[in-house]
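Below: the structure, in structure tokens.
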Protein chains: 2
Amino acid sequence: MLSEDVFMALTAALGPDRVFADPETLALYNADETPRQVTPGAVLFPASHDHVVALMKVAYTHKLPVVPRGAGSGNVGGALPVANGLVVSFECMNRVLEFDLDNRLMVVEAGIVTEEVDKLARSAGLFYPPDPGSGAYCRIGGNLAMNAAGPRAVKYGVTRDFVLGLKAVTGEGKTIVTGCRTTKGVTGYDLTRLIVGSGGTLALITEATLKLLPAPESVATLRLCFDSSRAATEAVARVMHQPVVPCALEFMDHHAINAIRPTGTADDLPAGTQALLMVEADGAAIDLPRQIAALDRALSGPGLLESRAGFTREEIVRLWTARKSLSHAVKQIAPLKINEDVVVPVTRLPDFVDTLDNLAREYRIPVVSFGHAGNGNLHVNLMVHPDDMDEMARAHACHDQIMHQVLQLGGTLSGEHGIGTEKRAYVGLEIDADTLSLMRAIKKQFDPTGILNPGKLLPD
Amino acid sequence: MLSEDVFMALTAALGPDRVFADPETLALYNADETPRQVTPGAVLFPASHDHVVALMKVAYTHKLPVVPRGAGSGNVGGALPVANGLVVSFECMNRVLEFDLDNRLMVVEAGIVTEEVDKLARSAGLFYPPDPGSGAYCRIGGNLAMNAAGPRAVKYGVTRDFVLGLKAVTGEGKTIVTGCRTTKGVTGYDLTRLIVGSGGTLALITEATLKLLPAPESVATLRLCFDSSRAATEAVARVMHQPVVPCALEFMDHHAINAIRPTGTADDLPAGTQALLMVEADGAAIDLPRQIAALDRALSGPGLLESRAGFTREEIVRLWTARKSLSHAVKQIAPLKINEDVVVPVTRLPDFVDTLDNLAREYRIPVVSFGHAGNGNLHVNLMVHPDDMDEMARAHACHDQIMHQVLQLGGTLSGEHGIGTEKRAYVGLEIDADTLSLMRAIKKQFDPTGILNPGKLLPD
């Protein structure tokens, strides 16, 4: 419960219709997609940068924890409230402030839905490359906080690569303006990329200047079926040896394929398919057959059962059906998925998928793996029943093993979901003590009282 | 002069053949390409990361200023010594520590010559995209410090975009390890990109993990001659409206063309040529005619006098002759060039080149402009005689106007040369006071006693 004077101060700062502490609102905002709830003290709906400055000044004065929130679609607890703290929802700050087609940039407020940036860009022949799976409803502020990505990252890069500058508010309620409006610029330190990926622990981003690219004229798809995960991931490593960079290189293991069998979307896969690669190329329509042929050549090898290319809209949709049915199908295996988002060097993927199979057997947990193999980024899902204590204990031990194996293979804990509350315990295994201390010291300069998203990202 | 005990401590740390304080060595290292000299107290030649840790501990204990140095090819004073301070030359740390072809990365020491990274990568079908003009002799550590770029940045991005991780030593002599070995990773704060472009003021970079790309199969060139700088830069803005991204889009104004006339390399330009665009496309050989045709279409318009394409090695070399002769020719105009490296949004280039012409007339200073127009990044050179006090005063007033105009047009002070000592005075015009304070506070966490490259980048 917030004290009456804090509530009054916040209401004075934002106006009466932007501060909510009723039980219904608190319940609506008590979680993100992480399977946990924490009741906040109030939920705020700023409508402008100045509102965010005003609320941060109140929070700073009263030492109130502040958790920024986009759509709440994250799954590592990044937007999980802090008990009795403030949740700052950016959903009312969803305007496009400027669309400068000629310089290929867009200035947006933090609460805009990611897909709307892309849609507006495409209406003018441009596009916004980062394409997280939640793009239809997640908000750009959340993408910036987590440095979200998606399939296209293999060719175009991640959110961080498409931010030219930011406007943000520090833990003291000070406004900072970072970066520039041009594609080159080396004036001062690069605070833009420091804040991107900092999970709301350094500053509240209110506006972002996003870089856009010319939209590719056309896309084409390849679907390749393999007799093992190892064969499929060895093919992925071979793609690195030739010059055509696909704009998606997605993998599904045999657990994922088994999961979609009941839906019928696996019916057109050849018998014995144990792994799938979905590959997409983009560019000039006239150049796509060449790209697809080069990718097909590179991906062909031991264990390939079938390769199908699609160039028309209809063919492409048909080939992607199996992959697109996966998210829903996985949920049928068990009520809870412990969702991992690890990365290993692409050449270590074959060893890593073998390791995952061994761990799944050892701990008797269904482990469904799929994801952005072109970046070595797999979504590893441990499917469990939260009421089965024994299974949960085995799942946690298995999960722990997975994290250690990832680091041993030269990988990293998270590719695009972030660290949040859920992976903090492992950060010290990847980052050494001196570097971590420096990160904490930097955090303190942005947020001297430690009120910005406390308990997230950096371990205590 | 260093005191005897400091000299002894440094010698004990590095060994006797790595610490030099004799007048000859001090004179050799008393400048970079900035037209100024400052005599250091000693020049150190570490041969390993551990050497750098050891020397930084001595510097920290004795509060000695430390100036890191690559090849000394910078022109904003980034590697200019501090009087009686230490110069740390990385020329003995020039090894390739790892070339992981299969994961498209290379781990190098800070002192490797930039071009050698690219050469080794190309020997295996890959390449390192950043291509500063000094690539044949500059060292990667300097490129990282300044976030150097070059013509290819228009398609591929700048140095910062090709660094996966760093090993570095702070102002206290602590080792930090940043980033990861994969193309995705969001564990902890992005210290990698914070240190890149920080001009040696945050840490001494000892090792870098560089991202490589598949080498393009082939390149082709377009040379376009225009009757005015305005017409040429308007053409540049038109390129933004179509999907083919050139891998170079270079501009030369009429002062630059006049400068090369005595060399004969302008003889094949049509009469009335007042500006030149050099455009390059890369990719699959079979796809290049399409790219060149699209670029030619986009660049054609009012004021175009001639357009020539080159596809063979011989044709390409011939077309680039005029541009390649420029650097040397410019030096004939006057003994000193005040070299600017400003950026404006691409659509503001036409107004900017008009402004430059007006300022040149108003202040009676030859102003030669050329550079990476595709990024809006021009090298603006004020050609002066340092002994002519009146001319120097006019040049400085003109330079001051240029900087103000750049900011007014929505641009930034430096695209790739950095800030160093030379542009510090202007940084406060581009970055607001609160953001600058935050940058200073961050610097303090890396370098509590302020010994790392003092007097550079951030204004006092």
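The values are calculated or read from the model by the stated rules, or taken from the named source; none is laboratory data. These numbers come from a predicted model, not from an experiment. FYI the Cβ positions are ideal-geometry reconstructions off the backbone, even for glycines, and counts take in every protein chain you see. The area values use the complete protein model at the heavy-atom level, side chains included, leaving out ligands, DNA and RNA. Shrake-Rupley method; radii C 1.70, N 1.55, O 1.52, S 1.80 Å.
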Out of the residues in the range B:114-163 that are open to solvent by less than 20 Å² (accessible area, probe 1.4 Å) and more than 14 Å from the chain's Cα centre (by Cα), state the one that is nearest to B:Ser198 (Cα to Cα).
-> B:Val163
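Does any residue of the range B:305-318 turn out to be hydrophobic (A, V, I, L, M, F, W, C) and surrounded by 21 or more Cβ atoms within 10 Å (Cβ to Cβ)? Please lay out each step first, then the result.
Taking the range B:305-318 first, the residues hydrophobic (A, V, I, L, M, F, W, C) are B:305, B:309, B:311, B:316-317.
Of the ones still in play, those that are also surrounded by 21 or more Cβ atoms within 10 Å (Cβ to Cβ) are none.
No: zero hits.
Determine whether B:Ala441 is more than 8 Å from every other protein chain (Cβ to nearest Cβ), without any contact (Cβ under 8 Å) to a residue 60 or more places away in the chain and of a type in the set (Gly, Ala, Ser).
Values: more than 8 Å from every other protein chain (Cβ to nearest Cβ): no; without any contact (Cβ under 8 Å) to a residue 60 or more places away in the chain: yes; of a type in the set (Gly, Ala, Ser): yes.
Considered against the rule, which asks whether it is more than 8 Å from every other protein chain (Cβ to nearest Cβ), without any contact (Cβ under 8 Å) to a residue 60 or more places away in the chain and of a type in the set (Gly, Ala, Ser), B:Ala441 comes out as no.
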Specify which of the listed residues (B:Asp102, B:Asp50) is in contact with a Pro (Cβ under 9 Å, 6 or more places away or on another chain) and open to solvent by 10 Å² or more (accessible area, probe 1.4 Å).
-> B:Asp102
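Look through the range B:171-181, keep the residues that are part of a loop (DSSP other than H, G, I, E, B) and open to solvent by 10 Å² or more (accessible area, probe 1.4 Å), and return whichever of them is farthest from the other protein chains (Cβ to nearest Cβ). Steps first, answer last, please.
So in the range B:171-181, the residues part of a loop (DSSP other than H, G, I, E, B) come out as B:171-174, B:180-181.
Still in the running and open to solvent by 10 Å² or more (accessible area, probe 1.4 Å): B:172, B:174, B:180-181.
Details: B:Glu172: 9, B:Lys174: 5, B:Cys180: 4, B:Arg181: 5 Å.
Of everything passing the filter in the range B:171-181, B:Glu172 is farthest from the other protein chains (Cβ to nearest Cβ).
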For the range A:394-419, what are the residues that are touching a helix residue (DSSP H, G or I) at 6+ places or on another chain (Cβ under 8 Å) and small (Gly, Ala, Ser)?
-> A:Ala395, A:Ala397, A:Gly410, A:Gly411, A:Gly415, A:Gly418
Filter pass, A:Met240 being open to solvent by 10 Å² or more (accessible area, probe 1.4 Å), of a type in the set (A, V, I, L, M, F, W, C), touching a helix residue (DSSP H, G or I) at 6+ places or on another chain (Cβ under 9 Å) and in contact (Cβ under 8 Å) with a residue 60 or more places away in the chain | yes
Could you pull out the residue among B:Pro68, B:Pro40 that is in contact with a strand residue (DSSP E or B) (Cβ under 8 Å, 6 or more places away or on another chain), within 25 Å of B:Val96 (Cβ to Cβ) and open to solvent by less than 30 Å² (accessible area, probe 1.4 Å)?
-> B:Pro68
When you go through (1) touching a strand residue (DSSP E or B) at 6+ places or on another chain (Cβ under 6 Å); (2) closer than 27 Å to B:Trp320 by Cα; (3) away from chain A (no Cβ under 14 Å) one by one for B:His417, which number turns out not to apply?
-> (3)
Filter the range A:157-170 down to the residues that are of a type outside the set (S, T, N, Q) and in a loop (DSSP other than H, G, I, E, B), then identify the one that is nearest to A:Gly200 (Cα to Cα).
-> A:Val158
Go through the range A:417-430 and count every residue that is closer than 18 Å to A:Asn453 by Cβ and either aliphatic (A, V, I, L, M) or in contact with an Asp or Glu (Cβ under 6 Å, 6 or more places away or on another chain) (or both).
-> 4
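Do we have B:Thr187 as hydroxyl-bearing (Ser, Thr, Tyr), facing another protein chain (nearest Cβ under 7 Å), in a loop (DSSP other than H, G, I, E, B) and within 30 Å of B:Ala373 (Cβ to Cβ) here? Show your work before the answer.
Numbers: hydroxyl-bearing (Ser, Thr, Tyr): yes; facing another protein chain (nearest Cβ under 7 Å): yes; in a loop (DSSP other than H, G, I, E, B): yes; within 30 Å of B:Ala373 (Cβ to Cβ): no.
The answer is no for B:Thr187.
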What are the pairs, 6+ residues apart or on separate chains, where a residue within the range B:307-318 that is without any contact (Cβ under 8 Å) to a residue 60 or more places away in the chain has its Cβ under 9 Å from a residue that is part of a loop (DSSP other than H, G, I, E, B)?
-> B:Arg318/B:Asp268
Return the total of residues in the range B:279-298 being among the small types (Gly, Ala, Ser) and not in a helix (DSSP H, G or I).
-> 3
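If you check B:Val113 against the conditions, is it in contact with a helix residue (DSSP H, G or I) (Cβ under 9 Å, 6 or more places away or on another chain) and within 14 Å of chain A (Cβ to nearest Cβ)?
Values: in contact with a helix residue (DSSP H, G or I) (Cβ under 9 Å, 6 or more places away or on another chain): yes; within 14 Å of chain A (Cβ to nearest Cβ): no.
Considered against the rule, which asks whether it is in contact with a helix residue (DSSP H, G or I) (Cβ under 9 Å, 6 or more places away or on another chain) and within 14 Å of chain A (Cβ to nearest Cβ), B:Val113 comes out as no.
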